[in-house]
Protein chains: 4
Amino acid sequence: MPLTPEQTAEIDRLRAETTPTLRPTVPALEEMLYHPLPVLDHGFVRVIDYMGDDGAVVQAARVSYGRGTKRVSEDRGLINYLIRHRHTTPFEMCEIKYHVKLPIFVARQWIRHRTANVNEYSARYSILDNEFYLPARKHLAAQSEVNRQGRGDVLEGAEAERVLDLLREDALRNYDHYIEMLNEGAEGGKLRQDRSGLTRELARMNLTLNFYTQWYWKTDLHNLMHFLSLRADPHAQYEIRAFADVMLNTLDRWAPLTAQAFREHVMGGVRLSATALKVVRRMLAGEKVTQPDSGLQPREWRELTAVLELEAK
Amino acid sequence: MPLTPEQTAEIDRLRAETTPTLRPTVPALEEMLYHPLPVLDHGFVRVIDYMGDDGAVVQAARVSYGRGTKRVSEDRGLINYLIRHRHTTPFEMCEIKYHVKLPIFVARQWIRHRTANVNEYSARYSILDNEFYLPARKHLAAQSEVNRQGRGDVLEGAEAERVLDLLREDALRNYDHYIEMLNEGAEGGKLRQDRSGLTRELARMNLTLNFYTQWYWKTDLHNLMHFLSLRADPHAQYEIRAFADVMLNTLDRWAPLTAQAFREHVMGGVRLSATALKVVRRMLAGEKVTQPDSGLQPREWRELTAVLELEAK
Amino acid sequence: MPLTPEQTAEIDRLRAETTPTLRPTVPALEEMLYHPLPVLDHGFVRVIDYMGDDGAVVQAARVSYGRGTKRVSEDRGLINYLIRHRHTTPFEMCEIKYHVKLPIFVARQWIRHRTANVNEYSARYSILDNEFYLPARKHLAAQSEVNRQGRGDVLEGAEAERVLDLLREDALRNYDHYIEMLNEGAEGGKLRQDRSGLTRELARMNLTLNFYTQWYWKTDLHNLMHFLSLRADPHAQYEIRAFADVMLNTLDRWAPLTAQAFREHVMGGVRLSATALKVVRRMLAGEKVTQPDSGLQPREWRELTAVLELEAK
Amino acid sequence: MPLTPEQTAEIDRLRAETTPTLRPTVPALEEMLYHPLPVLDHGFVRVIDYMGDDGAVVQAARVSYGRGTKRVSEDRGLINYLIRHRHTTPFEMCEIKYHVKLPIFVARQWIRHRTANVNEYSARYSILDNEFYLPARKHLAAQSEVNRQGRGDVLEGAEAERVLDLLREDALRNYDHYIEMLNEGAEGGKLRQDRSGLTRELARMNLTLNFYTQWYWKTDLHNLMHFLSLRADPHAQYEIRAFADVMLNTLDRWAPLTAQAFREHVMGGVRLSATALKVVRRMLAGEKVTQPDSGLQPREWRELTAVLELEAK
């Protein structure tokens, strides 16, 4: 993720000068504004702009003429109430904009969240940098045997070595060929006068899915929480979770009351089905319930006993 | 639209204190931030918050590390290019939030724009004020005879008087009954101890569609322009156009380069159909074209000759 | 809700003739296609069209070349899995279209669901019928004393009489004046030759919020369930719940496996916060937990003990 | 694009049996339902399902109890009117669902259209086939010299050969390594017992962007036209245009009146800016206008004279 000196200078310039504003401002977030927060081997998340704060949620919920906020304890109570009862629209009144550098295969998962605004770096128009993702050793996992969509043990020894060699060599070779096909003399590539060079919009197809792209991504506070609830979740692929975890930290700074309510009611909470709820009621009434007489499928039973921290029998 | 002293004081409080920010700031918009801009007889538009400016459009289009802006002439050229070629995503990177007070029948048209965020004052929860819209004399129009969805001449004399009397008396009476049914002693209503009072969520149904409601409404720059292109248009009902016109002025302040390109290419521009384009080409080649041999329907022909400022023959 | 003979004839015509199709077809839903299902005093819900079925959910989840369905038990298992793990996109592959007649104040709540398509009867263009909602006696509730957004006891005797009289008389009078102002001789109104008539787009503002409007409303299966989870919920206002309940029945016919999973995991389920989950774990481990040492607010504690069917102490 | 015998059999099964329905049916579209329409070297578009037709547009615009359609000429007139005046909501009442097989770099452009529903084949869950896009010779273009986002002349001779060799060899090699890393014995790959195999969600990152993926993609008629207006346009990259062109043909079959109006007013039409409109008016009034006194930028002037089929001077 080392930025070029020019990029660092641009960021320094942005951070050098403040202007006065009448808008709500969040000092804890301003502290990190524009700074790249590193993710994976070459990626980052930068907070570029934001609008609103916890107070703006309260203000919209009350449709007030002023800030709308009262004492912190009342605001916290209201925000908790809104999240618990799925009153989502007041959280849509805040907006945040990120600049993200991420591998293409992560971008393909991320873009499925449609209630957001995106401007991606265009490889039709520009030439991509020679940067690709290589997993750290500890993330080089085997296919899970129980979950077709998950990871198992970490690869070891020669196999790990071989996998990393293949990923690295193929990415490097494909990038070299990309530059050769472009024939623009870019990235130190040799420029041959007897060739025209392939158009950029075609040459890019030779790159592998671990190459880094970047985009501006903007969403509102409600949809950010929805994104995080799915992508900062243990079921999400590690590589996108790494981004979501960093963004969860930016949420803590930006809107701490909302972040707390979100962690309490959504991230840390659990949903019980109608049948699971009946099981819990029977257990609390002193009944001994087993899977066969629970009405739950074996898999559901395992998940329930795990979440309740019961010995599964 | 006279605000209560408490409301005015709240706004003054908001305007009394600036904080420093690293975010892009638009002084011309800050000047009017929080101030109510009057619309119709009791309505208003207030800019509550904003995010981004012309520079943010450029920054997103370039996916840059810094502001992304260059010389004003280059930025203007790029913004013009984006609007002309319908590259809409960079304009989604800016966001604006309004507080609007508007008649319910206007709110019902407005809400059809779905790509926006809304928090409306809840008459399930609170009691509405005794404020309703009465058209000014010059807007009291007859039904158009040529356009089933438009206005004709202004009503005159006794008829105008009668219409205004009916609208006023019915609104006043229905509001009195609303307060009576609520039986909360609100708005100077008599509180009867032998009554329970009808629940607010039902009592509100006795109000007429010209009563004022209010909401926080937030959208991005692209969708704001889309809204304005439809609602600041002569085909829009006058009452919603009155709001759109005021918002168009806030756009001029907020993002002047974008506003200029929008007026040039969208508001002031015109769309020609394939057949109309052929007609123009023939005319420019010196041919004399008449409706019957134009391939256009009579109505389309009239619209085309009007837009080209030709004598319709 | 009595339809005119013309309307009934139109519906009969639609139901008289089938055509063969290669598309998936749901006989249980075809049975009620086009028929108005009565809601409230003058409203209805009509299923107008649909696309897909339970099988289409499975097909999309598997991205298959054929139907994608296997044995019913496997399909049921997959659909349950998708709902439990919030894989919502396969449910977006089915679509349903309703024609709904509903009071305006209900329409104003309903329209807040933005991920849907709507075409409403235009009172700018046409004249509304003289039909308005009057609550049945048993729904004429007082304001709740504990919930500012809910209903309390039913009004009785003279108060109920008075409320119904006011609602009825005001609606009738306002409608008469609406017709008078229009001066089109509509609905038996007297046509005065010395008057022009107020334009429809203005005259409508004299109507009260309990007048009926109608619209075509179309959404996908995922967003239908989201709508139902909020509007067929006991916290929703009775009048919109009456519509949602009828639509829930159409869901049972349309996609029975999905409907079952939805009732099990969403409608009949419950969300526990992180703290509530800890409380349940402690209780199941045999600990005696009280509100003060639960970490829950009194209100949250009451809700939790209610949901667990414990004696609140 | 050769389907496997199993896939062909599944499609034949779907096409073998019709069921009667009361819904509107479009025989011209049923004729091609489920059949793969070939695009590029291995891609296809299959119409999987649809809802509504031209009549459903009319029905929604009229909010009618029956079909709502009258004589064809009246329906055509109404549909033309709706498109000319940007009344888009009636077109949202029809829905179409496609199964598409397409290169990943095309999918990345396509997915930017957010008002659609998508289920993509998951390479986290399954193994991708060994199919990748190689441009036909005539589409192997050089970078445009005038348009940074376009194509110039076709590459020739040795350069074309070299580009195709690189693309083919890199794709083949990367796929072999993908299979090797998976170590599942898939696609004829050797299964080594001393290896665990890399998890699928990581192995896929070694594939290049020209590999084919597939998805179910569903949208409404309005958003389909918006998609086509941008992607069946000469400015779109050839590879996505190839898909859009095929889909434009499905539109012709599905909703011929709408398709005709769309071609007349959108695809074949042109937008003039305020200044361009003034120029045309001056020209039609007999004035000789040149670029310097037109008020247009040189580029705008060139575009205008081209569209008007004037000699640019």
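So which of A:VAL146, A:VAL106, A:VAL154, A:VAL118 is β-branched (Val, Ile, Thr) and within 12 Å of A:PHE211 (Cα to Cα)?
Of the residues listed, the single one that is β-branched (Val, Ile, Thr) and within 12 Å of A:PHE211 (Cα to Cα) is A:VAL106.
Exactly one condition in (1) more than 10 Å from chain C (Cβ to nearest Cβ); (2) under 29 Å from D:ARG168 (Cβ atoms); (3) not small (Gly, Ala, Ser) is false for D:ARG71; which is it?
Among (1) more than 10 Å from chain C (Cβ to nearest Cβ); (2) under 29 Å from D:ARG168 (Cβ atoms); (3) not small (Gly, Ala, Ser), D:ARG71 violates only (2).
Give region B:237-256 a look and list any residue that's basic (Lys, Arg) and away from every other protein chain (no Cβ under 13 Å), or say none.
B:ARG253 - this is the single residue of region B:237-256 that is basic (Lys, Arg) and away from every other protein chain (no Cβ under 13 Å).
Using the structure shown, decide if C:GLN260 is outside the structural domain of C:ARG76 (by TED's automatic domain parsing) and of a type in the set (S, T, N, Q).
No, not satisfied.
From the residues in region D:62-82 that are in contact with a helix residue (DSSP H, G or I) (Cβ under 6 Å, 6 or more places away or on another chain) and under 24 Å from C:PRO5 (Cβ atoms), which one is surrounded by the most Cβ atoms within 10 Å (Cβ to Cβ)?
The qualifying residue surrounded by the most Cβ atoms within 10 Å (Cβ to Cβ) is D:TYR65.
Could you please find all residues in region C:51-73 being within 13 Å of C:THR258 (Cα to Cα) and without any contact (Cβ under 8 Å) to a residue 12 or more places away in the chain?
C:SER73
Need the failing condition index for C:ASP170 against (1) surrounded by fewer than 18 Cβ atoms within 10 Å (Cβ to Cβ); (2) touching a residue at least 24 places away in the same chain (Cβ under 8 Å), just the number.
(1)
Among the listed residues D:ALA160, D:ALA116, D:ALA141, which satisfies the condition of being more than 14 Å from chain C (Cβ to nearest Cβ), in contact with a strand residue (DSSP E or B) (Cβ under 6 Å, 6 or more places away or on another chain) and surrounded by 16 or more Cβ atoms within 10 Å (Cβ to Cβ)?
Only one candidate qualifies: D:ALA141.
Considering only strands (runs of 3 or more DSSP E) fully contained in region C:64-146, which possess at least 1 residues that are more than 30 Å from A:PRO90 (Cβ to Cβ) and in the same structural domain as C:LEU33 (by TED's automatic domain parsing)?
Correct list: C:95-103.
Name the pairs: first residue in region C:89-105 and polar (S, T, N, Q) and surrounded by fewer than 24 Cβ atoms within 10 Å (Cβ to Cβ), second residue at pLDDT 95 or above and not in a helix (DSSP H, G or I), Cβ to Cβ under 6 Å, at least 6 apart or on different chains?
Listed by first residue and then by second, the contacts come to C:THR89/D:ASN119.
Taking A:TYR133 and the conditions (1) among the aromatic types (Phe, Trp, Tyr); (2) within 8 Å of chain D (Cβ to nearest Cβ); (3) over 28 Å from the mean Cα position of the chain (by Cα), which numbered condition does it fall short on, given that it satisfies the others?
Checking A:TYR133 against (1) among the aromatic types (Phe, Trp, Tyr); (2) within 8 Å of chain D (Cβ to nearest Cβ); (3) over 28 Å from the mean Cα position of the chain (by Cα), the one that fails is (3).
If A:VAL106 passes every condition in (1) within 14 Å of chain B (Cβ to nearest Cβ); (2) in contact with an Asp or Glu (Cβ under 7 Å, 6 or more places away or on another chain) but one, which one does it miss?
For A:VAL106, the failing item is (1).
Return a yes/no flag: does region B:164-173 have any residue that is in the same structural domain as B:ALA141 (by TED's automatic domain parsing), basic (Lys, Arg) and under 28 Å from the mean Cα position of the chain (by Cα).
yes
For region B:5-54, name all the residues that are surrounded by 19 or more Cβ atoms within 10 Å (Cβ to Cβ), in contact with a helix residue (DSSP H, G or I) (Cβ under 6 Å, 6 or more places away or on another chain) and assigned to a helix (DSSP H, G or I).
The answer is B:LEU29, B:ASP54.
For region C:149-175, what are the residues that are in contact with a helix residue (DSSP H, G or I) (Cβ under 9 Å, 6 or more places away or on another chain) and more than 16 Å from B:ASN183 (Cβ to Cβ)?
Correct list: C:GLN149, C:GLY150, C:GLU169, C:ASP170, C:ALA171, C:ARG173, C:ASN174, C:TYR175.
Checking B:ALA312 against (1) more than 33 Å from the chain's Cα centre (by Cα); (2) surrounded by 15 or more Cβ atoms within 10 Å (Cβ to Cβ); (3) at pLDDT below 95, only one condition comes out false. Which one?
It is condition (2) that B:ALA312 fails.
Looking only at region D:257-313, filter to residues that are hydrophobic (A, V, I, L, M, F, W, C) and touching a residue at least 60 places away in the same chain (Cβ under 8 Å); which one of those is farthest from the other protein chains (Cβ to nearest Cβ)?
D:LEU257
Pick out, from region A:196-296, the helices (runs of 4 or more DSSP H) lying fully within it that include 1 or more residues that are under 20 Å from the mean Cα position of the chain (by Cα) and surrounded by fewer than 19 Cβ atoms within 10 Å (Cβ to Cβ).
Those helices (runs of 4 or more DSSP H) span A:221-231, A:238-254, A:256-262.
When both residues are 6+ apart or on different chains and their Cβ atoms are under 7 Å apart, which pairs have a first residue that lies in region B:188-211 and is facing chain C (nearest Cβ under 7 Å) and closer than 16 Å to B:ASP176 by Cβ, and a second that is charged (D, E, K, R) and outside any loop (DSSP other than H, G, I, E, B)?
These pairs meet every condition: B:ARG195/C:GLU159; B:ASN206/C:ASP170; B:THR208/B:ASP170.
The values are calculated or read from the model by the stated rules, or taken from the named source; none is laboratory data. None of the values given here were measured: they were computed from a predicted structure. Backbone-built Cβ (ideal geometry, glycine too); neighbour counts: all protein chains shown.
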